[in-house]
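Asks: Sharing a structure, written as structure tokens. Questions coming.
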Amino acid sequence: MSLRVAVVGATGAVGTVMLEKLRERDFPAREIVPFASERSAGRELEGGLVVQALSEESIQGFDVAIFSAGATTSREWAPRFAAAGCVVVDNSSAFRRDPEVPLVVSEVNPEALDAHKGIIANPNCSTMQLMVALKPIHDAAGIERLIVSTYQSVSGTGVKAVEELETQTHALLHGMEAPAPEVYPQPIAFNVLGGAGNFADGDDHTDEERKMMFETRKILGDDSIAISFTCARAPVTYSHSESVNLETREPLEVEEARALLERMPGLALVDPYPTAAAAAGRDEVFVGRLRRDPSHERGLQMWVVSDNLRKGAATNAVQLAEQLHARGLVGTRAVA
């Protein structure tokens, strides 16, 4: 069965990769329709696809819609697509905390798709790669405590953040004064910002850190894990890197953990360690520096890297659409 697919936010950084992944992976689509803002309507994309604007008429007749257009657009239009009988895979934060919406990583908890009610949430990009690395360890030995520091690329913020990094870097390398930052609160070139995301009033954690705490527990189905996250923004264009320290509930030798990771789909072990540059443009989650934490007999440490636009967003969204198709959850019924 071939499907009619909508890609909402098709002209953005993630949407562009979504279209690319649909082509690369030979997704069974009889038609792919890109959607974007009114100002982008009529624009022709690669493959002769013509951008449409969202309207009640234009969203009819789709089997799957993959969204990466921001939470505001998702809250307004995802329920409308679902009401029209389409299954939505949403890459924004709009529905991740909704207990009625599955939050799914394709290799980690695909069975959660079976309970969907028309909308499925794609996790935060930093959570995504972490879950692929943690899942086999959590299944084998449980996780008592988790401490993670992230070093997140600027593409996770968007196209304007990439341009800001490039402009500031060019200026400084040519002996000029860098333009004042507009996307970030401080210059990002040759710098590391110690709080990726935004601080809500009265909260000493960023929203990015709060997202990762909640999403980790929801995806692994374990509210008992003690979790601490620190999210930083690094002057890197693509790929997020994470320093991960965990304490298992049951004893697990380093070599046992290595064997578990070697068997995990979508994960590649790299010795001595993966880098952001090497991971860019790849779909895998890369893990290196797996070792015993010398301060705790059940402690493990590792370094986790993945392309945030690919596995962290677009690739997983397309993989979820593939899973929906394989499980007979799209194209066979309208959503009630």
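Asks: Considering only the stretch 282-300, how many residues are out of contact with any Ser or Thr (no Cβ under 6 Å at 6 or more places or on another chain) and open to solvent by 40 Å² or more (accessible area, probe 1.4 Å)? Steps first, answer last, please.
Replies: First, pick out the residues of the stretch 282-300 that are out of contact with any Ser or Thr (no Cβ under 6 Å at 6 or more places or on another chain): 282, 284, 286-297, 299-300.
From what's left, open to solvent by 40 Å² or more (accessible area, probe 1.4 Å): 282, 284, 289, 291-292, 294-297.
Residues in the stretch 282-300 being out of contact with any Ser or Thr (no Cβ under 6 Å at 6 or more places or on another chain) and open to solvent by 40 Å² or more (accessible area, probe 1.4 Å): 9 in total.
Asks: Filter the stretch 171-211 for residues that are modelled with pLDDT of 95 or more and in a strand (DSSP E or B); which is nearest to the chain's Cα centre (by Cα)?
Replies: If we take residues in the stretch 171-211 being modelled with pLDDT of 95 or more and in a strand (DSSP E or B), then THR206 is nearest to the chain's Cα centre (by Cα).
Asks: With VAL244, VAL183 as the choices, which residue is open to solvent by 30 Å² or more (accessible area, probe 1.4 Å) and either closer than 18 Å to SER126 by Cα or not polar (S, T, N, Q) (or both)?
Replies: Of VAL244, VAL183, the one residue that is open to solvent by 30 Å² or more (accessible area, probe 1.4 Å) and either closer than 18 Å to SER126 by Cα or not polar (S, T, N, Q) (or both) is VAL183.
Asks: If the Cβ limit is 9 Å and pairs must be 6+ apart or interchain, which residue in the stretch 1-14 that is open to solvent by 10 Å² or more (accessible area, probe 1.4 Å) and modelled with pLDDT of 95 or more pairs with which residue that is in a loop (DSSP other than H, G, I, E, B) and aromatic (Phe, Trp, Tyr)?
Replies: Taking only residues 6 or more apart or on different chains, the pairs are ARG4/PHE62.
Asks: Another question, if that's okay. Does at least one position in the stretch 170-178 carry a residue that is among the charged types (D, E, K, R), closer than 24 Å to LEU134 by Cβ and surrounded by fewer than 21 Cβ atoms within 10 Å (Cβ to Cβ)?
Replies: Looking for residues that are among the charged types (D, E, K, R), closer than 24 Å to LEU134 by Cβ and surrounded by fewer than 21 Cβ atoms within 10 Å (Cβ to Cβ), one finds none in the stretch 170-178, hence no.
Asks: Report whether or not THR216 is β-branched (Val, Ile, Thr), surrounded by fewer than 21 Cβ atoms within 10 Å (Cβ to Cβ) and not in a loop (DSSP other than H, G, I, E, B).
Replies: Judged against the criteria, THR216 is not a match.
Asks: Taking strands (runs of 3 or more DSSP E) that do not extend beyond the stretch 55-162, which have at least 1 residues that are over 25 Å from GLU209 (Cα atoms) and open to solvent by less than 30 Å² (accessible area, probe 1.4 Å)?
Replies: 64-67, 87-90
Asks: Restricting attention to the stretch 1-55, report how many residues are touching a Lys or Arg at 6+ places or on another chain (Cβ under 6 Å) and at positive phi.
Replies: 0
Asks: Scan the stretch 26-42 and report the pairs whose first residue is open to solvent by 50 Å² or more (accessible area, probe 1.4 Å) and whose second residue is assigned to a loop (DSSP other than H, G, I, E, B), with Cβ atoms within less than 7 Å and a gap of 6+ or a chain change.
Replies: ARG30/SER2; GLY42/VAL51
Asks: List every residue pair whose Cβ atoms lie under 8 Å apart, where the two residues are 6 or more positions apart in sequence or sit on different chains, the first residue falls within the stretch 63-86 and is over 16 Å from GLY12 (Cβ atoms), and the second residue, located anywhere, is open to solvent by 40 Å² or more (accessible area, probe 1.4 Å) and assigned to a strand (DSSP E or B).
Replies: Listed by first residue and then by second, the contacts come to ASP63/ARG4; VAL64/ARG4.
The values are calculated or read from the model by the stated rules, or taken from the named source; none is laboratory data. A quick note: this is a predicted structure, and the numbers were derived from the prediction, not measured. Ideal geometry is used to build each Cβ from the backbone, glycine not excepted, and the neighbour counts take in all protein chains shown. Note: areas computed on protein heavy atoms with side chains; ligands, DNA, RNA excluded. Shrake-Rupley method; radii C 1.70, N 1.55, O 1.52, S 1.80 Å.
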